[in-house]
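What follows draws every value from the coordinates through simple rules; no lab data is involved. The structure presented is a predicted model; accordingly, all values stated were derived computationally and were not measured. Cβ placement follows ideal geometry from the backbone for every residue including glycine, while neighbour counts extend to all protein chains displayed.
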Amino acid sequence: MPIETNQYFFGNSLVNFSEGGSQTNLPYWLNQLTLEAGGTYNVNGGFGFLRQFADRLEPANEWGFQGITGEWDDDSERFADQAFSQVVITPGNFIQDLAPTANYPDGNISPVGATESILATVLTDQPNAQIFIYQGWSDLAAFSETFPPSESSIERYYDYNQEDYHTWFIDYVDTLNASTPDANITLIPVAPVLASLLEDGGPLAAINTTDLFTDSAPHGTETTYFLASLITYQATNGEPAPASFDVPANIHPLVVENYTELLDYIEVQTTNYMDMVVSTPELGPELEPETPAEETPAEETPEEETPEEPIVAPEAAPTPDVAPEPAPLPAPEAEVVSPSEPELAPEDTPQPETPQEAERAPALEQPPVSDTNLEPPAETETETETETETETWRGQELEQGVTVADMMAAEALYCTPEQIAEAEAFYAAEQSADLGFPTVPMSTFYAQESPYNDSEEDESAPLSASLKTIVTDIL
């Protein structure tokens, strides 16, 4: 039966990197693969992180892709008016230093709490949609101060994506499925499968890091998003991408030459990593005890002798037999998962000088500041002044609950180093007494290529429009 997919993405640049071109995103490739399989594909989506998604009254409709017409027209329809078959939620890739149930360092909500708010909207407005969590690859800046990283750094990075990073997502999805069972969430394990393809000894180990990533965020190339689409296609459709697909020449030659073999590899690895998550299996055992419960009346006849009681015990045994089934499913990679988090040490040791690294470290240093709230009134006033300064960024006051770390995180994720440097130069300049703002002119590159560009003719207009919203709303 042909695949008919209508997706909505709560996404970020690990799903859609508009600055990279028309093919550095998942939807473009998912559409191509679905069409090859004889199906139909539609998609809508918007940029953000979990907290911002949770705060919005209505999901954003900001994306557009070459060759795809999204079915949702938010000018005439609400999110609830559209019937999406799948909804995909994308957490940030730099929040895994704390447990998914722990509050953000600068807030009073956790990733799980924010996601539960998103799910409340999705379950109400899209009750028939399958819900997925997209596990994009992790932050590379935590493992290397420079790009491209050293060989040892990239290997540690790939190990982390298959171990501690993946464990975080397992805990995250398991917790959500337990707290919101109606969501029946499925994990799309892009990070660990991609890492297993690229690590030393993997099928694509010979591909250079610079052929996969463009920076430390890390934003990907066409090859990276194509590989991610193969994993996503497998996870969301329950079958491999079509082997008949003619992989274009702009994808790395190793992928083109080994395409069919990669499909088999991805099918096995994706299934293994998905099976580590406890989703619907938890509901099975809860339903099965009802059968013994119905047979309990038969136990009321034990007055004759007690022959029925020994029968009840063996029937209760199948229940334990059901539970062990998920356990054997994890592939050998499951045994490699490390319960400890020493791998995250690189996040603490380097004092980041690049914008991408700078946005992570300060976020972890926020709690000590708020701890000073216990000081006497005099110091509280000083602290209030500090908070006022913290709430101002790039010459504008931030909304309540928004931090500079949030803004830096969004900027690092969606802007290039050159654009960030231009912005810093602009706002660091002295203000004109007459005009009231910096008078240092922005470069032609920044003015024309910035994601804040207002041009609707520019192909990156979807990102331009969304980033203006993102920066205004903390993203």
Magnitude of the Cβ-charge dipole (Lys and Arg +1, Asp and Glu -1) of region 105-171 about the Cα centre, nearest 20 debye, reported as 220
Treating only Lys and Arg (+1) and Asp and Glu (-1) as charged, each at its beta carbon, one finds that region 28-141 has a dipole about its Cα centre, in Debye to the nearest 20, of 300
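Within 10 Å, count the other beta carbons around each residue, average over each peptide in 218-228, 235-245, 65-75, and list them highest first.
Put in order of decreasing packing, that is 218-228, 235-245, 65-75.
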For Ile131, other-chain or 5+-apart residues with amide H closer than 5 Å (H placed, Pro excluded) are Val87, Thr186
